[in-house]
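Notes follow the structure.
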Amino acid sequence: MITVRVPAKVNVQLGVGGLRADGFHDLANVFFAVGLFDEVTATPGEGVTLSCTGPDAASVPLDDSNLAARAARLLAAHHGLADPGVHLHIAKAIPVAGGMAGGSADGAAALVACDALWGLDTPFDTLLELAAELGSDVPFALLGGVALGRGRGEILDALPVAGAFHWVFAVAEGGLSTPAVFRECDRLREEAGTGSSEADVPTPDADPALLAALAAGDPVALAAALTNDLQAAALSLRPSLADTLHAGTEAGAIGALVSGSGPTCAFLAKDAESATAIAAALTASGTCRTAHATHGPVPGAEVSAPRP
Ligand code: ATP
């Protein structure tokens with residue numbers, strides 16, 4: 001039995017370029033891995049089967065569309081295993097359709113878990129390539145830490161970071177569809193008259209002030225540099241998120257933004273004590289389902305020690 005722990009992500013910068021002819025957007029995406037984890041446990045089985053536990057388990061598909069199942073099959077096909085056998089159990093703590101790349105995290109974890117269970121010893125670079133085939137956010141869940149993602153987000157460069165940052169995540173009731181949020185972003189750009197195509201929107205680039213804040217371990221500077229080009233679209237689809245962002249800021253957060261495509265809201269705190277207080281205030285505010293205080297960056301998907 002192999003258990004892999006894999007983190008959620010927040011995008012500390014999410015710059016969204018214009019709509020490309022292939023339907024994707026060019027992104028300048030600074031991924032930051034945080035201490036909110038799913039665990040994927042692989043045990044020998046027949047075929048590829050799945051189970052899931054956790055507060056959002058009912059929303060997780062247990063068929064071949066699940067990224068963990070797709071990852072297992074992709075790894076098996078890469079190694080020419082005709083008849084792969086594994087049962088994957090997902091202990092899900094990352095909110096589903098929450099803008100924290102939980103499905104991608106499970107895909108990355110399944111790659112690592114099946115690789116170990118089947119004794120394949122796949123080189124890390126090959127795992128990264130397989131991860132990119134599964135989805136734009138999957139390679140980062142393998143890598144962890146902080147990284148700049150380009151293209152659709154799948155071309156990654158690890159970034160230097162000093163120390164730890166303290167975060168609070170306010171989990172919303174229900175999810176938001178990532179493609180729907182991108183479509184709303186395009187629609188808002190059209191409505192504003194700026195246009196939404198590649199020709200209309202400048203190619204986004206990493207913000208030097210944000211990179212300097214990360215490298216210096218400076219939470220106040222990072223808070224000032226947080227940006228998410230999808231935030232307006234997420235707020236347009238879910239206006240109540242403005243109340244959540246306001247509640248966290250009132251409770252002392254030094255920075256607040258929607259995480260990725262939302263609806264999870266992310267808050268930067270000045271220290272661990274403040275993060276705990278902000279999480280308690282957010283939970284009490286009634287503007288979210290629950291709130292978690294945590295820290296980051298943390299490593300990507302890794303085999304965890306067996307439980308006693
Ligand atoms: P991202 O931040 O990468 O855009 P997200 O965090 O908003 O994604 P996910 O939790 O990854 O969203 O789920 C998006 C959809 O993917 C779900 O609604 C579900 O149908 C599907 N899905 C496939 N595999 C999984 C999985 N292992 N866990 C959760 N959802 C999954």
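The values are calculated or read from the model by the stated rules, or taken from the named source; none is laboratory data. Remember, it's a predicted structure, so these values are computed and weren't measured experimentally. Cβ placement follows ideal geometry from the backbone for every residue including glycine, while neighbour counts extend to all protein chains displayed.
Looking only at region 99-143, count how many residues are crowded, with 24+ Cβ neighbours inside 10 Å and closer than 20 Å to Val12 by Cβ.
The qualifying residues number 13.
Look at region 263-308 and say how many of its residues are modelled with pLDDT of 95 or more and not in a helix (DSSP H, G or I). Before you say what the answer is, go through the steps one by one.
Here is the first cut: in region 263-308, the residues modelled with pLDDT of 95 or more are 263-303.
Cutting the leftovers down to not in a helix (DSSP H, G or I) gives us 263-271, 286-303.
Of the residues in that region, 27 qualify.
Please go through region 226-242 and give me each residue that is surrounded by fewer than 17 Cβ atoms within 10 Å (Cβ to Cβ) and among the small types (Gly, Ala, Ser), ordered by number.
Ala232, Ser236, Ser240, Ala242
Can you pull out the residues in region 51-70 that are within 14 Å of His87 (Cβ to Cβ) and touching an Asp or Glu at 6+ places or on another chain (Cβ under 8 Å)?
Kept after step one, since they are within 14 Å of His87 (Cβ to Cβ), are these residues of region 51-70: 51-53, 62, 66, 68-69.
Asn66, Ala68, Ala69 - these are the residues of region 51-70 that are within 14 Å of His87 (Cβ to Cβ) and touching an Asp or Glu at 6+ places or on another chain (Cβ under 8 Å).
If we keep just the residues of region 117-133 that are under 21 Å from the mean Cα position of the chain (by Cα) and acidic (Asp, Glu), which is farthest from Gly47 (Cα to Cα)?
Asp125
Just checking, how many residues over region 64-79 are modelled with pLDDT of 95 or more and part of a loop (DSSP other than H, G, I, E, B)?
Here is the first cut: in region 64-79, the ones modelled with pLDDT of 95 or more are 65-79.
Still in the running and part of a loop (DSSP other than H, G, I, E, B): 65-66, 79.
Count: 3.
Checking Asn29 against (1) buried (at least 20 other Cβ atoms within 10 Å of the Cβ); (2) modelled with pLDDT of 95 or more; (3) out of contact with any Phe, Trp or Tyr (no Cβ under 6 Å at 6 or more places or on another chain), which single condition isn't satisfied?
(2)
Residues are listed down the side, and each one gets a yes or a no for (1) more than 13 Å from the ligand (Cβ to nearest atom); (2) under 17 Å from the mean Cα position of the chain (by Cα):
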site: Val40; (1), (2): no, yes
site: Pro44; (1), (2): yes, no
site: Ser51; (1), (2): no, no
site: Asp56; (1), (2): no, yes
site: Asp63; (1), (2): no, no
site: Ala76; (1), (2): yes, no
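Restricting attention to region 260-279, does a residue exist that is of a type in the set (S, T, N, Q), surrounded by 20 or more Cβ atoms within 10 Å (Cβ to Cβ), away from the ligand (no atom under 16 Å from the Cβ) and closer than 18 Å to Gly35 by Cα?
The first filter runs over region 260-279 and keeps only residues of a type in the set (S, T, N, Q), leaving 261, 264, 274, 276.
From what is left, the residues that are surrounded by 20 or more Cβ atoms within 10 Å (Cβ to Cβ) are 261, 264, 274.
Next, only the ones that are away from the ligand (no atom under 16 Å from the Cβ) stay: 274.
Filter once more, keeping what is closer than 18 Å to Gly35 by Cα: 274.
Within region 260-279, one or more residues are of a type in the set (S, T, N, Q), surrounded by 20 or more Cβ atoms within 10 Å (Cβ to Cβ), away from the ligand (no atom under 16 Å from the Cβ) and closer than 18 Å to Gly35 by Cα.
So, in region 178-190, how many residues would count as being touching a helix residue (DSSP H, G or I) at 6+ places or on another chain (Cβ under 9 Å) and either on the phi > 0 side of the Ramachandran plot or within 12 Å of the ligand (Cβ to nearest atom) (or both)?
Selection size over region 178-190: 3.
Please indicate, with yes or no, whether at least one residue in region 236-255 is among the hydrophobic types (A, V, I, L, M, F, W, C), touching a Leu at 6+ places or on another chain (Cβ under 6 Å), free of Cβ contacts under 8 Å to residues at least 60 places away in the same chain and not in a helix (DSSP H, G or I).
Yes, the conditions are met somewhere in region 236-255.
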